[in-house]
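Data first, discussion second: the structure below is written as structure tokens.
The values are calculated or read from the model by the stated rules, or taken from the named source; none is laboratory data. In this text the structure is predicted, and so the values were computed from the model without any measurement. No Cβ is skipped: glycine too gets one built from the backbone with ideal geometry, and neighbour counts run over all protein chains shown. Accessible surface is based on the protein model in full, side chains and every heavy atom, while ligands, DNA and RNA are left aside. Shrake-Rupley method; radii C 1.70, N 1.55, O 1.52, S 1.80 Å.
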Amino acid sequence: MRGKSAFWYGPAILMAVLTVTNSRLCGENPGVKKRMAFVREFSLSKDPTAYATALQYIGQKAHKEPDRLAAMRFFREILSSRRYHPVHCYAWLELSRFYSGSNREAILLRALQRSPDDYSQAVVLSKLIQFYDQQNQPEVKKLYLQRLVNLAESTRDIPNVAAVFRDLGMMELRKLDAFSALRHFIRALDFPNEPEVVGEVSLGAAVALGMLNKPGLQERFFRRALDNAQKWRMKSLKIRALSRYSQTLLENARNAEAMRLVDMSIREERELGHYVCLRDSLFRRGLILEQLNQLSAMEKSLTEAVESALKNRDYVGLFPVMAYLADALISGKELVKSGDLLRRIDDLFAPYHPHYFLFHYLQGRLAQANNHMVQADAAYTQAVLALRRNLPSFAFGQRSFWRYWLDSLYSRMIRFRLKRFSTNGDAAALENAIRLHEEKNELLARCIVYRGSKELSLQREEEYLQQQFTRILARSKEFNSSERLQEQLHRLRKQIREIRELTIADPPLSMDLDAHKLNLTRFRQYLRPDQVAVKFMLLENQVAVVTLGRKCFRFRYLGSDRDTLIRDIMRLSEPLNDFARGRVDYLRVHFDLPLALSLYKRLLLPLQSDLEGITELIVIPEKELFHLPFDALVSGFVYDGDASAEVFSEYAAAEYLGQRFQLSLAFSLTLLNRRFQKSNPHKMDLVAFSGPLVQNHAHQSFSSEFRFHPPLSPLPSSVTEVHRIARFFSADRIRLFSGEAFTIANFRRQAPGARIVHLATHYIPNLASPWHSGLLFSPDSSDPGGSVLLRANDAQHIPLQAELLVLSACESADQRILGLTGLAGMAAAFSQNGVRSALVSMWPVDEISSRVLPLFYRHYLGHGRASQALRRAKLEFMQSNIQLADGRRMAFAHPFFWSNFQLLRFRN
């Protein structure tokens, strides 16, 4: 009870009369008769508080039918009085106990109209919220919840405010709006509340923080929820917290800890004796056992999960569990059991269910296991059609789930087409396989980045706050003595910073891609006779490679399995990543030449017959293959005795793939199939940005995720680099920006009209959300609250028409990110805004490796073909050397110095 809530305290004499007996309200009990008579005789004008207490007491005691009738007559008698009194609100409220449906709604609305103060209004609003929650009307419930929130903002003296904010947070969480949910959960903790509410709020906040990619804070709130549940012995809350915490640990590959929490959750729930989330816990246990390769135990755990859900009629989220179990049964050759389970799935779920594509996929797997290939192919086709229909319903928290099924489904369909091509020589089957692979990458990218319109709403909110910020800032300069304006200014700065820190939604992919429009015959005609496109496809545990050229169109399976190949690629690139992380200096960077030779023999040597007479390769990698610097693969060795005294002479003896071919990379054939269109003549030949002002995160627009990035150093060498490049251009056809002029506003104004755009700056990666990675710019003095980061999701909307974009920045190719989606990060963002090709660096550019760029520009302006210019620049650079302090000479043949620059082709 609240100390200032007058309506909930009555005189001691009335409370004594009301609590003499705890008997029924019907007329048989003389004590109840005396109680009702006392209430009738008690004047409303004397003490309405006691009267309200009596009404509530009588309403709560009416359980059985005779009592209900007596109580209803009693409340109607009270309300029949024509004289209005504040206590009538409570009479209507207690009368609503005895009705349901629209009648109860009408009575509660009448009680809301008769509410005499904020406190009684909050009580009625809480009842209305409960009613609409039971009636499954979330939109109406949200309206009254928001009304109660507004009431809470004006006064703290209302009941159950924390529970209201908790309900609001849970509603936003179900809509996958983690930002709004977390805001409500944090607000709930500002109010005194029950221990159970504190635990549920902490659990909800942990889930929201997981969606916001804040693992440290998420773990802290999980522990807070568990501590609260342990302290107050709330087993149901403890079970749910353990189950959700284990899911987070499982997603982060902390399998041992996840297994311990899952086992604890299962044990606690079985001791409790009623169903809470046993199915989810058993399902996660099965997933962990699968990773530990304990397949029989996994099958048993999944079977228990399905049985427990069916027993308790918990059908929400059951489809994926049953699908995993059916997949495990088919893999274990238990075809009869899997057939029975598929029939059960078909009985339980309708064809328009979002997960129904899994049913068709599993039917295909079962038919394939029974050697019914025609039926299997038809079932896989039905699965793809169902998947396309239900793509927008994919949930945020199921990215790994969808990635697994997408990869498995499309890999099987692609292998069917490839087998048909191998058997019958059907070129249409090979084209279909390539389109399916392109479609898989497109669907996967859209599945990962699909978030509805949340990003747009956050951007609009930020723009509105920025306008307020500018207006109040101007007023505060005029009235510096106004404390109120200064407080508003501080609050708006904080709100803008919070919006930027908690932006969670990757933007919808703003590209018009359709793999079905890919015409491979026309694409091959676009290629020059000396060009070949090499497309790699990772199909479960196999690797296929397709070559497309004027004279060749075929595929092969590589001899190496997928896991071994990826492991070797990571081994080759790891020393270069060590340098990028500052673990070793460039004199100690090791590049494994025998391993590079082995990878060449496995990846490209089988294509030797297709590469005769070819001078340019367009490589289209997938996932982990983006980690590999293809031009540094070794095809052989030629030793020169005169070079043995040089440092890195062993690298000069290698014959690299980049010496033999002009090399470029592409994200997909679908992207590459688009033609480069230049609507207007370029205003400038070169617009270059270099040397941003680095304030080591002192600028207020740095969000928290960038504030913990390692300290950034100034880039004076980038200014020197740009001035070297500028000598190749006419002075009236270039624009150079450095220092204070290196701003996002200048980039937006000048870059769209340039033929070549050059950016030499720091790159700030965001591995959790690649589209929020950014390039560092200088603070804009004309926009004090403006951002210094040009994020990928903003860069894709700048209408560039450049023939070439040069990103001379640390990790601008998103080497670690591209392997996740194939279409993410900074380089992919520029592929959407009209750029034809981009030259990017895959690890930090130092003063030595930056010498490649002037050589590249000289050859590019002389020949006009980026791939040819890059090859010639690298060859010229590899033949040079410098003298060290000890008198020895160091050769620049080490791949570290030149292989970081990669050419990405976005358009034909």
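With respect to Tyr84, is the statement that it is of a type in the set (Phe, Trp, Tyr) and either at pLDDT below 65 or within 45 Å of the chain's Cα centre (by Cα) (or both) true?
Working: of a type in the set (Phe, Trp, Tyr): yes; either at pLDDT below 65 or within 45 Å of the chain's Cα centre (by Cα) (or both): yes.
Yes.
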Notebook entry, point to check: Before we move on, is Arg888 of a type in the set (D, E, K, R) and modelled with pLDDT of 85 or more?
Noted result: no
Item checked: Restricting the range 168-189 to residues that are of a type in the set (Lys, Arg) and assigned to a helix (DSSP H, G or I), the residue that is least open to solvent (accessible area, probe 1.4 Å) -> Arg187
Note to self: Step by step: first the residues of the range 728-759, then only those that are in contact with a strand residue (DSSP E or B) (Cβ under 6 Å, 6 or more places away or on another chain) and either of a type in the set (Phe, Trp, Tyr) or outside the structural domain of Ile798 (by the TED database) (or both), then the one that is least open to solvent (accessible area, probe 1.4 Å). Which residue is that?
What the structure shows: Phe742
Margin query: Among the numbered criteria (1) closer than 23 Å to Ser281 by Cα; (2) open to solvent by 30 Å² or more (accessible area, probe 1.4 Å); (3) more than 31 Å from the chain's Cα centre (by Cα), which one does Pro354 miss?
Written below: (3)
Next item on the list: Filter the range 619-644 down to the residues that are hydrophobic (A, V, I, L, M, F, W, C) and surrounded by fewer than 16 Cβ atoms within 10 Å (Cβ to Cβ), then identify the one that is modelled with the lowest pLDDT.
Entry: Val638
Note to self: Please go through the range 660-671 and give me each residue that is over 26 Å from the mean Cα position of the chain (by Cα) and either open to solvent by less than 20 Å² (accessible area, probe 1.4 Å) or under 16 Å from Phe626 (Cα atoms) (or both), ordered by number.
What the structure shows: Phe661, Gln662, Leu663, Ser664
Notebook entry, point to check: So which of Leu348, Leu366 ends up being at pLDDT below 90 and closer than 24 Å to Leu302 by Cβ?
Noted result: Leu348
Next item on the list: Could you please let me know if Leu418 is assigned to a helix (DSSP H, G or I) and at pLDDT 90 or above?
Entry: yes
Margin query: Return the residues of the range 515-561 that are under 26 Å from Arg388 (Cβ atoms), in a helix (DSSP H, G or I) and not hydroxyl-bearing (Ser, Thr, Tyr); say none if nothing qualifies.
Written below: Ala515, His516, Lys517, Leu520, Arg522, Phe523
Notebook entry, point to check: What are the residues in the range 828-875 that are in a helix (DSSP H, G or I), without any contact (Cβ under 8 Å) to a residue 60 or more places away in the chain and surrounded by fewer than 17 Cβ atoms within 10 Å (Cβ to Cβ), if any?
Noted result: Gly862, His863
